[in-house]
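Right, one structure below, let's go through it.
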Amino acid sequence: MDAITSRLRSIPTWAVLAICCAAQFMVVLDVAIVNVALPQMRESLGLSVAGEQWVVNAYTLTFAGFLMLGGRAADLFGRRRIFIIGLTVFTVCSLIGGLAQSGAWLITARAAQGIGGAILAPATLSILVTTFTDPGERRRALGAWSATAASGAAIGVLAGGVLTSLLDWRWVLFVNVPIGIVLLGGAWVALPRGGQRGPRKTLDLTGAITVTAGLAVLVYGIVSTDVHPWGSAQTIVSLAIGLALLAVFFVTEARFAKDPLIPLSIFKRRSLSVANGIAVTIGSAIFGTYFFLSLFLQNVDGYSALRAGLAFLPVGLCTLAGALIASRIVQFVGARNQLMLGLGLAAVGLLWLSRVGAGDPYMVHVLGPMILIGFGLGLSFVPMTLSATAGVPVHEAGLASGLINTTRQVGGALGLAIMATVASSIAANHGLGRHSVDAALTTGYQAAFAIAGCGLIVGVLLATLLPKLSTQTATAGTERPSVGTLEREQHTEDLVVSHSAVPQ
């Protein structure tokens, strides 16, 4: 490959690619790696059911809320500098989280870790796009970057099981520290230096803070209903504050922000709006599947953390396979039809999984649904991203790509909160005097899987509203493109960016 010239020496581009892929992999890994460690975390720190959710949601909400702000910061202050800052925050907060002595300590560290991930993730993609300017090399680089994002979720669950079983739950966080230190050294040497060109923009801190705080309070109000009923003063006040903060965000973006985090005019494009609605349903399905299936296998079927991690491997591999196949078949079936097919398969898998019972054989009642869920969701990532970026001007392409990732993360957090509330309520009222605890828990988990499946059916219906994309848009072309076409090609070939936060 060609070499990029830094101030001191020429660095091979493969080193830049390796650093960016490893950093993105680590960010995705941490969405999923804690799932199988949740039972040990609960016992060690005395976490409640809501506390378990917040170990996942605290990371997800801050990651989603500050993701677009991280991209703006890279443009304003330099990609290399922001990469190093984000990686440092992520690594330090991983260490702090691993040392946690209480649930509040752990959840706070996870929230700060999410901010670090939000700063880091956009910089990895920006560095690759500016480093690999040749269309062929860029295509291969983005393919490698997307593959690491796709594999991060599956390996995260497996790694979580291995570390929890052989060492301790704290190592699902400690593992980031040596990796982060190595990457910091590599980034300092290999990443290209240089100032950013183009118009200077201000950071929309008000927008990032209000949207993140609003979503956090809204989720808190939902997950607290296992203790405080829906009609209680605390629940009503929490939901009202959350909605008020979100209202402030929308008013700020529409009228006051000089460089808004999300220019609301972008939602006038039907394809983008529908695709983001679909992203919400996909995020909910992914988070719900990983969270509740992990709890079912360990709390009901008695799996060890390691065995649970291995049980998740098929869904991750099927997601990766579906994502790789998706880019080849979308030009023949179209984005709309492929979304309907992929979401439909995943919905069938989740509804099938909602019939699983305590003690049912894994090979018969779990593996089949997981294959359908993984492959169906994998098929959906590419057409979802295509639909979200179709017809978007070049200067808003990055915004559209960041938005689809943000809505998927937000959908996952809100969906998980709703599913957990319903599952907890059903399990608590299932009549433990007549049924075993396992049966009560299973009934709650079944309801969660059913909700996720119905959500994907909504996604199928939304897909019918998508306009038909041209073959040129779907394939992104193979001729040497112009600068503007390169930007669109990057988002077309970003096969699994949307999968990067699967519990990432």
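In the set (1) assigned by TED's automatic domain parsing to the domain that holds residue 335; (2) surrounded by fewer than 17 Cβ atoms within 10 Å (Cβ to Cβ), the condition left unmet by residue 274 is number (2). Among the numbered conditions (1) modelled with pLDDT of 75 or more; (2) of a type in the set (A, V, I, L, M); (3) not in a helix (DSSP H, G or I), the only one that residue 422 does not meet is (3).
A search for C-beta distances below 8 Å between a residue of region 95-113 that is buried (at least 16 other Cβ atoms within 10 Å of the Cβ) and modelled with pLDDT of 90 or more and any residue that is acidic (Asp, Glu) and part of a helix (DSSP H, G or I), counting only pairs 6+ apart in sequence or on different chains, returns 113/30. Residue check: residue 119 meets all listed conditions (1) crowded, with 24+ Cβ neighbours inside 10 Å; (2) part of a loop (DSSP other than H, G, I, E, B) but one, namely (2).
The values are calculated or read from the model by the stated rules, or taken from the named source; none is laboratory data. The structure presented is a predicted model; accordingly, all values stated were derived computationally and were not measured. A quick note on method: Cβ atoms are made from the backbone with ideal geometry, for glycine too, and the neighbour counts reach across all protein chains shown.
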